[in-house]
Amino acid sequence: MRQLRGLAIAFFSAFLLVVTAGYGQSLGDVAREQREKQKAKQAQDSKAAPPAHKVITDEDMPEHPEAADDDTANSDSSPAESSAAPSAPGRSGEEWKSAILAQKNAVAALQAQCDKLNDSIHYVQANLYVNGAEYNQYQQRKQQQLQQMQKQLAGQKKKLEGMQEAARKAGFGSAVYEP
């Protein structure tokens, strides 16, 4: 009786092991399958009607977003030119407001980083300290980094102003372009 019971438990355990091994699909595999199903469904639906919203995935994002940010911050274009994407026709007030608010948050975050870095810069008299000269060289590098961040901040502020001006020209009130 005990041998039969032990054999039943061993058989049941082996059965569970085999069954769970068959379902060993990773989450990535499941996501890929779902994405393929959605693409197939969208291909069928695109014949009927264009999609209302575009879902941005990792495949749509650039590999180096820092490089894209540097390009926009260092451009010498006018504010209206730097806000070419926000001035798309048919953009609603809420879309303008959220884009402007996001840009304001980006400007505020960069300003906070600049302030923090600026507060951390402290030069010393090189001859009073053992490593005073090296310390001051480090502070000089921080000063150069601060200057670069301030240029980037100026570009971001210019972009914000361009977005606000474009929203104003699109006929929206100050509640939209001054959230």
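From the list S92, S26, pick out the single residue that is loosely packed, with under 12 Cβ neighbours inside 10 Å, farther than 24 Å from K151 by Cα, of a type in the set (S, T, N, Q) and modelled with pLDDT under 75.
Values: S92 fails: modelled with pLDDT under 75.
Step by step, each of S92, S26 is checked, and only S26 is loosely packed, with under 12 Cβ neighbours inside 10 Å, farther than 24 Å from K151 by Cα, of a type in the set (S, T, N, Q) and modelled with pLDDT under 75.
Kindly indicate whether A112 is surrounded by fewer than 12 Cβ atoms within 10 Å (Cβ to Cβ), of a type in the set (G, A, S) and closer than 30 Å to Q164 by Cβ. Here the answer is yes, as A112 does meet what is asked. Considered as a group, the residues in the stretch 115-145 that are loosely packed, with under 13 Cβ neighbours inside 10 Å, hydrophobic (A, V, I, L, M, F, W, C) and assigned to a helix (DSSP H, G or I) include one that is modelled with the highest pLDDT, and that residue is A133. For E59, only one of the following conditions fails: (1) modelled with pLDDT of 80 or more; (2) more than 30 Å from A175 (Cβ to Cβ); (3) surrounded by fewer than 14 Cβ atoms within 10 Å (Cβ to Cβ). What is its number? It fails just one condition, (1).
Cβ-Cβ contacts under 7 Å between residues 6 or more apart (or on different chains), taken from a first residue in the stretch 148-161 that is under 19 Å from E178 (Cβ atoms) to a second residue that is among the basic types (K, R), are listed as L160/K104.
The values are calculated or read from the model by the stated rules, or taken from the named source; none is laboratory data. Since the structure is predicted, the reported quantities are computational estimates derived from the model, not experimental observations. Reconstructed Cβ throughout: ideal geometry from the backbone, glycine too, with neighbour counts over all protein chains shown.
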